[in-house]
Amino acid sequence: MATKNTSTSYDADAIQTLEGLEAVRKRPGMYIGGTGSDGLMHLVWELIDNAVDEASAGFANKVDLTLHRDKSIEVSDNGRGIPIDLHSGRKVSALEVVFTELHAGGKFGGGAYSSSGGLHGVGASVVNALAAKLVAEVDRDGATHLLGFKERVAGQFTASKFKPGHKLEKIKKISKNKTGTRIRFWPDFDIFDPAATIDVEEICSRLTQACFLVPGMKATVTDKRTGGMKEPFSFVSRGGLADLVEHLAIGEGVSQTITCAGIDHFTEKVPVNGKMTDVERECTVDIALRWVKGYDTTVVSFVNTIPTSQGGTHLAGFDKSLTRLVNNVVLKDNRKLARLAKENKHKATKDDVQEGLVAAVKVTFPEPQFRGQTKQELGTPAIEGIVSRVVYEQLREWFEPGGGPRSHVKAIADKLATAIQNRVASKQVLENKRKAASLGSTGMPEKLADCRVHGPDSELILVEGDSAAGPAKRGRDSETMAILPLRGKVVNAAKASQKQVLDNAEAKALFTSVGAGAGRDFNIEDARYGRIVILCDADVDGSHIRCLLLTLIHQYMKPMLEAGNVYSAQPPLYTTKVGDEIYRVYSDEEREAVLDELCKGNRKRENIKWQRFKGLGEMNVDELRYCALDPATRTLRRITMDDAQEAKDAAKMFDILMGNDVAVRRDFLVKNSALVDMTTLDV
Ligand code: 0RA
């Protein structure tokens, strides 16, 4: 036990309590996931969540975070202040219990925190467990009360000395009605990786999200670290989820933002003293939604203040109810669909209904159950029916006469009817294409230089531009490597309709070459190649084309990505020849590293002349073979689902930035879509 610096006045009770915190120090990973930056961020979330919970319960409207120069972090709120009176039946204050006992956070006071996040469940004591020092200040009852902790032990800091003890010190008289909590802690870098850092951007975005969930709460982030943010960041949302939907909506709206809200009750069996007992619970539902002119769907969901990225019962209720409502009310007897109705093909699917939908769904109720490995999916069964009823009843009112503006109702109905028509039409086109492909003599695109043997060991290499296609064809192993040159514009599948994608010449050529269909009909078993290799220049345009290709594959050939069958070839940025040795580097940093290595003796840096590769088209056959074709020498990077998602986001952003300054756009693209990672994964 670490009691070396505690005086005899520190009692046995307290020492026993601190053993709980010792467990956290022995296995930090179990509590906060690790001891790197993510673990450090976890401590910050812990304090932020507590402050946001206080705001969400209606007791605070300000949450501030400060990153200090000395690597300490401070979170404050103007809520009720953590209780400072003696904890029932104990010799120490409630405040001390909060920071010294595991699982104590928010548990006292009964109903006060009954619908709080509680996902982490470990509470503020974990922060103290992993802090070298912590100072808690509570404003209430006309004074600021301070309790410090040094190496987890409670006490007071006096003139750079530490005196253990349980008593809070009144350090300042304040107005009777001023209340709040300030927690400042110094992470223990004996436990954390000294290189672990706080990502201030991530904090800002998490707090921004919290502001949408707690309308009226003002969040401020101040970065006083050297080189930190120049201006404090601050955010407040009055409109809550409606603001969130507008924040998430990209592109022109089809309708105004619609909101709905409701309250309902359900009973749940929970164990009380080992006996299953019915308890009555209240659940609040808040929803905001709008349709925009694009084709992407953005639906976010929350339970209390916790994001549920995997959805769950609340989202299931929303999805089902919205589809039912669209079919029964919005598109009832729609004239555009009259022809399809005759063939009974007029019903909207969930995908039709959610084309261009931006929505936020939030439920608030006590003790939510979570499912799934990452606990990011709501499991409480009764919530599905509750959300479903609120959505159906309230949105029906909005769509029916006397509800929302008629022009908006009509615009939504038109959009959804068109979505159905397009789906039915493109399915027809696809079927015709597949038929044609299997019937035609070769049925393959003219520009495809096919290989002789197909199957798992073969690959389709997508080459940017015609000039590179020539050397690629000559340098390949034509037994197993097929080359498909891309000439025209690759469609941006993140924003184009299915029909537009199927009409795009480059997309068509890709789908036909692979021969396994596209979209929902894609069948990986039919793929004529074992993998797809993207070969683009190492410049901005190359990055953009790679983004578009990945977006296309992500949306229309996803199983190829999931199976790990998609790669990107990495041509080097520079080469140089020193003696007989050729050096190739793939980034500016790597070039510096090679220079460092080569100039260790008395060779001069300026005597080494680097040649920059301007484009694939300028490489000769040997170079191309070395970099992109020969399995023994080339560098391939396997594209993960995450990479593809990132590429998709970048492709989306590219379009937004199209109207903007070219320099901004270039910067963005270089930063986001280079996908340059030196993980060599040769096959
Ligand atoms: C439980 C009861 C009461 C306040 C809090 C918790 C509280 C906790 C935190 C954590 C960060 N900021 C906080 N602010 C308040 C108040 C009980 C009462 O005095 O009525």
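Annotations
- One equal scatterer on each Cα of the range 8-69, no solvent, Debye formula: the resulting log10 I(q)/I(0) at q = 0.15 Å⁻¹ is -0.72.
- Potential lengthening of the chain between residue 238 and residue 178 amounts to 19.2 nm, from the contour at 0.36 nm per residue minus the alpha-carbon distance.
- Residues residue 580 and residue 474, FRET efficiency given R0 of 35 Å [Cβ-Cβ distance, rounded to 0.05]: 0.90
- Computed lengthening from residue 13 to residue 431, 0.36 nm per intervening residue step minus Cα-Cα distance: 143.0 nm
- Residue-span extension gain [residue 279 to residue 161] - 0.36 nm each, minus C-alpha spacing: 37.4 nm
- With each label modelled as a point 7 angstrom along the Cα→C-beta vector, the residue 343-residue 611 pair spans 5.9 nm.
- A straight Cα-to-Cα reach below 23 Å connects residue 91 with the lysines 4, 107, 133, 150, 163, 167, 170, residues fewer than 8 places away in its own chain not being considered.
- Averaging 1/r over every pair of different alpha carbons in the range 303-430 and inverting the result gives a Kirkwood radius of 16.1 Å.
- DSSP-defined antiparallel bridges as percent of all bridges, the chain, nearest 5: 75
- The calculated FRET efficiency for residue 407 paired with residue 371, based on their beta-carbon distance and R0 = 41 Å, is about 0.50.
- Per-residue ³J(HN,Hα) for the range 443-460, Karplus 6.51 cos²θ - 1.76 cosθ + 1.60, θ = phi - 60°, Hz, x for Gly and Pro: x, 8, x, 4, 7, 6, 9, 6, 9, 8, 10, 9, x, x, 8, 9, 9, 9
- Tensor-based shape of the chain (alpha-carbon gyration tensor, a/c under 1.5 rounded, otherwise prolate or oblate): oblate
- When only Cα pairs below 8 angstrom with a gap of at least 6 residues are kept, the range 208-309 shows a relative contact order of 23 percent.
- Dipole check for the range 290-347: with +1 at the C-beta of Lys and Arg, -1 at the C-beta of Asp and Glu, and the Cα centre as origin, the magnitude is about 440 Debye.
- Here the label points at residue 641 and residue 487, each 7 Å from Cα along the C-beta direction, are separated by 3.7 nm in the simple model.
- When only the Cβ of Lys, Arg, Asp and Glu is charged (+1, +1, -1, -1), the dipole of the chain relative to its Cα centre reaches about 1040 debye.
- By the count of neighbouring beta-carbon atoms within 10 Å, fewest first, 283, 599 end up ordered 599, 283.
- A straight Cα-to-Cα reach below 14 Å connects residue 410 with the aspartates and glutamates 333, 400, residues fewer than 8 places away in its own chain not being considered.
- Calculated P(r) tail over 19 Å for the range 464-539, as whole % of Cα pairs: 43
- Charge dipole (the chain, unit charges on Cβ, about Cα centre) - positive-most of 515, 266, 455: 266
- Quotient of Cα Rg and 2.2 N^0.38 Å for the range 358-405, N being how many residues it contains: 1.50
- Per-peptide average of other Cβ atoms within 10 Å, ordering 546-559, 286-299 highest first: 546-559, 286-299
- Cα long-axis angle, helix 540-556 against the chain (0 to 90 degrees, to the nearest 10): 80
- Considering only the range 301-432, percent of DSSP beta bridges that pair antiparallel, nearest 5: 50
- Efficiency of FRET between residue 351 and residue 23 - r from beta-carbon atoms, R0 51 angstrom, step 0.05: 0.60
- For 634, 612, order by how many other beta-carbon atoms lie within 10 Å, fewest first: 612, 634
- Helix axis angle, 382-399 relative to the chain longest principal axis, alpha carbon, degrees: 70
- The mean sequence separation of alpha-carbon pairs under 8 Å and at least six residues apart, normalised by the residue count of the chain, gives a relative contact order of 9 percent.
- Each stretch of four or more DSSP H residues adds -39500 (n - 2.57); spread over every residue of the chain, this sum gives -11000 deg cm²/dmol at 222 nm.
- Remark: the Cα gyration tensor places the range 173-216 in the oblate category, a/c being 1.5 or greater and a/b not exceeding b/c.
- Sequence-distant aspartates and glutamates (8 or more away, or on other chains) whose Cα lies within less than 15 Å of residue 508: 431, 446, 521
- Exposure proxy ranking, count of Cβ atoms within 10 Å, fewest first, for 610, 398, 45: 610, 45, 398
- Modelled spin-label separation between residue 30 and residue 225, with each label point placed 7 Å from Cα along the Cα-to-Cβ direction: 3.0 nm.
- Placing +1 on each Lys and Arg Cβ and -1 on each Asp and Glu Cβ, with no other charges, gives the range 112-243 a dipole about its Cα centre of roughly 860 debye.
- Helix 200-213 and the longest principal axis of the C-alpha atoms of the chain enclose an angle of approximately 80°.
Every number in this text was worked out from the coordinates using simple rules, so none of it is lab data. All of these numbers come straight from a predicted model, not from anything done at the bench. Neighbour counts are summed over all protein chains in view; Cβ atoms, including those assigned to glycine, are modelled from backbone coordinates with ideal geometry.
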